[in-house]
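Some notes on the structure that comes next.
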Amino acid sequence: MINFHIITLFPESFSSYLGESILARAQKQKKINVKFYDPRDFVKPTKKQAGKDKPYLRVDDRPFGGGPGMVMQALPVIKAIEKAVANAKRAGASKTKTGTKSAPKIKIVFLSPSGKQFDTQYAKETAQKYQHLVIICGRYEGIDARVKKIFKTEDVSVGPFVLTGGELAAMIMIDSISRQIEGVLGDFNSLEETRVASSDVYTRPEILVYKKKKYQVPKVLISGNHKAIEEWRRGQSK
Ligand code: SAH
């Protein structure tokens with residue numbers, strides 16, 4: 001079981017993706033758990049706003065040194081992370097065989113396009129080593145960098161492109177790490193890393209007819225010759 005603690009201004013943006021298919025089932029079966037912490041919930045109304053119904057609680061401000069865009073303030077994010085870490089510590093690690101609770105292993109990730117490249121190896125190691133992963137999603141120009149210093153976070157990027165926020169990046173990490181947890185994929189053998197998987201896959205019908213043209217499945221796949229099939233797949237995946 002791995003617990004994801006997501007720090008985000010937009011927790012709603014996760015629900016459709018995490019509510020479908022394999023990841024929905026993984027949550028139901030308690031193989032993974034996802035909790036949200038909205039920095040806005042840790043902001044108090046200003047004196048001027050006191051007594052107002054639903055005041056606009058500000059979490060961003062102009063960047064020091066000038067420039068376009070807004071920066072997420074440190075303190076609301078810090079408080080949200082504190083809450084996540086407290087929850088993680090309270091939940092503890094999963095019980096060991098002797099029934100004792102060991103201290104949970106917690107990792108804190110700061111999403112940034114200039115961070116360390118996330119990949120399958122990273123997903124695998126995280127799934128093996130940690131019970132709790134706190135993922136901090138930035139928006140606008142990013143989050144006040146002092147947050148990184150305070151929590152000794154790891155900067156992680158999901159690819160060489162810039163997104164408008166960290167939410168999609170966090171979902172990429174949740175998705176990829178979850179499939180490394182035993183029992184999340186219906187058949188653990190589905191893991192590409194443990195077998196020869198090819199990028200091209202086929203299913204019925206054997207002959208697909210489209211606009212009067214026939215499209216055949218590669219013959220080797222219906223040959224029943226497993227050795228030949230593996231070889232073909234190995235060639236495909238190169
Ligand atoms: N001005 C910032 C970019 C901000 S993008 C810079 O140049 O670094 C807004 C937020 O989206 C970031 O704080 C980060 O949390 C997220 N984000 C954008 N692209 C990302 C990527 N490739 N990987 C991970 N997070 C990303």
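Please treat every number below as a calculation from the coordinates, not as lab data. No experiment lies behind these values; they were computed from the predicted model shown. When we count neighbours, we look across all protein chains shown, and the Cβ atoms used for this are built from the backbone with ideal geometry, even at glycine.
Descriptive notes on the structure:
- Helix content alone sets the calculated 222 nm mean residue ellipticity of the chain: runs of n ≥ 4 DSSP H residues at -39500 (n - 2.57) each, divided across all residues, give -8500 deg cm²/dmol.
- Over 29 Å between alpha carbons, listed pairs Lys28/Lys148; Lys30/Lys89; Lys31/Lys219; Lys54/Lys149: Lys28/Lys148; Lys31/Lys219; Lys54/Lys149
- The mean sequence distance of close C-alpha pairs (under 8 Å, at least 6 residues apart), as a share of the length of the chain, puts its relative contact order at 21 percent.
- Excluding exposed DSSP-loop GluC sites (Glu not before Pro) (at most 12 other C-beta within 10 Å), longest clean stretch of the chain: 21-181
- Kirkwood Rh in Å, taken over the range 196-237 so that all alpha-carbon pairs contribute: 11.2 Å
- Estimated FRET transfer efficiency (Leu185, Val209; beta-carbon r; R0 35 Å; 0.05): 0.60
- The chain - share of DSSP beta bridges that are antiparallel (%, nearest 5): 25 percent
- In units of the compact-protein estimate 2.2 N^0.38 Å, the range 1-104 shows a Cα radius of gyration of 1.41.
- Take the Cβ atoms of Ser21 and Thr46, set R0 to 41 Å, and the FRET efficiency comes out at 0.40.
- Whether the range 61-219 is rounded, prolate or oblate, judged on the alpha carbon gyration tensor where a/c under 1.5 counts as rounded: oblate
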